[in-house]
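This report concerns only the one structure given below.
The values are calculated or read from the model by the stated rules, or taken from the named source; none is laboratory data. The shown structure was predicted, so the numbers you read here are calculated from the model rather than taken from an experiment. All Cβ positions, glycine included, derive from the backbone under ideal geometry; neighbour counts span all protein chains shown.
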Amino acid sequence: MSKVLVVGGGAAGMMAAISAARAGHRVVLLEQNEKLGKKLYITGKGRCNITNACDLEELFGNVVSNPRFMYSAFYGFSNHETISFFQSIGLDTKIERGQRVFPVSDHSSDVIRSLENELRRLKVDIKLNAAVTGLITEEGRFCALTMKSGERLQADACVIATGGLSYPTTGSTGDGYRFAKQLGHTVTPLYPSLVSIQLASDAPARLEGLSLKNIHASVSVAAPKQENTGADNGEKKKKTLKTGKILFEEFGELVFTSRGVSGPVILSASSKIAEYVPKYDLLVHIDLKPALSEEQLDARILRDFDEAKNKQYKNALDQLLPQKIIPVIIDMSGISPEKQVNAISKEERRKIARLLKKVTFPVRALGGFDEAVITKGGISVKEINPSTMESKLVQGVYFAGEVMDVDAYTGGYNLQVAWSSGYLAGSSIPL
Ligand SMILES: Cc1cc2nc3c(=O)[nH]c(=O)nc-3n(C[C@H](O)[C@H](O)[C@H](O)COP(=O)(O)OP(=O)(O)OC[C@H]3O[C@@H](n4cnc5c(N)ncnc54)[C@H](O)[C@@H]3O)c2cc1C
């Protein structure tokens, strides 16, 4: 039996502590907050989307950064094993739309409680208000942790499960990146991801709260940014992207915020464009009528205009568009809102059809870490053994969860990364 210290009492840390204790280790779980699972508590709008009940191929497909690194972790502790694991510790789950798995009670607090009960049953020593300040190694091996209290804790192994940078009020202060760097690890550039996109336009302020279902959204490159923002700290030089290159496209739902756009399709877009935002001027395009070709849409507008030929342009679009967006579209079309519909030329009508198929806004920035669901980037997976989650540089140091350079789409996939990597780290520590 060896002594194991787990740093971070979030999803990955609690799972690592459970699997290490089940394997027969003496485990101490160190959490700087006054309670465990502060971020878990707010997941899934307080309901905790624990995982996704999709098949394994889809699970890999929903990991955006470094899915192949997760091979052993997902095969060793899959999403279906997550569901049976929670069942075994007394938490009933249900599957909702999009195969999202939630606790039957709809309370994330029940997820935390069930994990805590299991930790206590396994006699894991849970230390709260226990902030770790550094790692001590000897001859390339882990030997101890230093604590804010001044204490020094010795052990045979430690698991770093300190999370990322998003929602820092939950305890994600980026300490794990610092510890890893001190050990000689590379930390890839860090970006907020699964986050809203701010637009350089006055439209969002006029459209705030408007939700558009069944649209097609895409993001393309306008041009490289003039100034170098210095955001590519240490990143290898990549080829310059061509103007017009599509970085992301998807059908779905978006919602306007006061400063930009959010909603499922935009959160997914953010995780594909995060690294390009500091380097390129980007454009968001919205196809408001994805089911119709431009010609079909033109024919539809012609029909609507025929029925409203004595009305003004500003009063002739309500069959086609939500009320709130009509003034914005009218402004963007450049046609006078007072113009009689029967005076609108064929060319102008075509212009409206083209516009509705591609409403374009320049991107100002992504939302910040304070509102991001996940951190993109982290400890380079090239320096972590994917079969054990052990550092390739320092023996006895393991990593799990968001602190690593792995991130996924929404739908329960990020927590699955935490459960699988935490489980693998905890169960790989030699007795
Ligand atoms: C609003 C929101 C909603 C989300 N909803 C979902 C969802 O429904 N489904 C999903 O799959 N994912 C969701 N996520 C993402 C998910 O929460 C994360 O992927 C997951 O929590 C990462 O787990 P972790 O254990 O790696 O990190 P965390 O959960 O962040 O845990 C890290 C822990 O380490 C502690 N710590 C840090 N530094 C130290 C230190 N020096 N000493 C001691 N302790 C330390 C922190 O206090 C923290 O408790 C959501 C995220 C947010 C922000």
Keeping to segment 1-14, report how many residues are buried (at least 24 other Cβ atoms within 10 Å of the Cβ) and either near the ligand (Cβ under 8 Å from one of its atoms) or of a type in the set (Lys, Arg) (or both).
-> 8
Members of segment 382-399 found to be touching a strand residue (DSSP E or B) at 6+ places or on another chain (Cβ under 6 Å) and either hydrophobic (A, V, I, L, M, F, W, C) or near the ligand (Cβ under 9 Å from one of its atoms) (or both), listed by number = ILE384, MET389, VAL394, VAL397, PHE399
Within segment 298-314, identify whether any single residue is closer than 30 Å to LEU190 by Cα and in contact (Cβ under 8 Å) with a residue 24 or more places away in the chain, and answer yes or no.
-> no
Only listed residue being aliphatic (A, V, I, L, M), closer than 16 Å to ILE18 by Cα and in the same structural domain as GLN154 (by TED's automatic domain parsing), chosen from MET404, MET389 = MET389
Among what's in segment 99-143 and is of a type in the set (A, V, I, L, M) and free of Cβ contacts under 8 Å to residues at least 60 places away in the same chain, pick the residue that is nearest to ASN79 (Cα to Cα).
-> VAL104
Counting only residues that are surrounded by fewer than 21 Cβ atoms within 10 Å (Cβ to Cβ) and more than 6 Å from the ligand (Cβ to nearest atom), which one in segment 30-47 is farthest from the chain's Cα centre (by Cα)?
-> GLU34
Every residue from segment 348-376 that is farther than 17 Å from LEU317 by Cα and away from the ligand (no atom under 16 Å from the Cβ) | THR360, PHE361, PRO362, VAL363, ARG364, ALA365
Can you tell me which residue among LYS123, LYS94, LYS148 is near the ligand (Cβ under 10 Å from one of its atoms) and of a type in the set (Lys, Arg)?
-> LYS148
Taking the condition in the same structural domain as GLY396 (by TED's automatic domain parsing) and buried (at least 20 other Cβ atoms within 10 Å of the Cβ), does ASP175 pass?
-> yes
Does segment 21-28 contain any residue that is within 13 Å of the ligand (Cβ to nearest atom), at pLDDT 95 or above and closer than 26 Å to ARG113 by Cβ?
-> yes
Does GLY98 satisfy the criteria of being surrounded by fewer than 20 Cβ atoms within 10 Å (Cβ to Cβ), assigned to a helix (DSSP H, G or I), at positive phi and not charged (D, E, K, R)?
-> yes
Specify which of the listed residues (GLY412, GLY426) is modelled with pLDDT of 95 or more, crowded, with 24+ Cβ neighbours inside 10 Å and near the ligand (Cβ under 9 Å from one of its atoms).
-> GLY412
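This table checks each residue for (1) within 11 Å of the ligand (Cβ to nearest atom); (2) within 19 Å of GLY422 (Cα to Cα); (3) free of Cβ contacts under 8 Å to residues at least 12 places away in the same chain.
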{"position": "GLN154", "(1), (2), (3)": "no, no, no"}
{"position": "ILE160", "(1), (2), (3)": "yes, yes, no"}
{"position": "TYR167", "(1), (2), (3)": "yes, no, no"}
{"position": "PHE179", "(1), (2), (3)": "yes, yes, no"}
{"position": "THR186", "(1), (2), (3)": "no, no, no"}
{"position": "TYR191", "(1), (2), (3)": "no, no, no"}
{"position": "LEU194", "(1), (2), (3)": "yes, no, no"}
Can you tell me which residues in segment 27-60 are free of Cβ contacts under 8 Å to residues at least 60 places away in the same chain and of a type in the set (Lys, Arg)?
-> LYS45
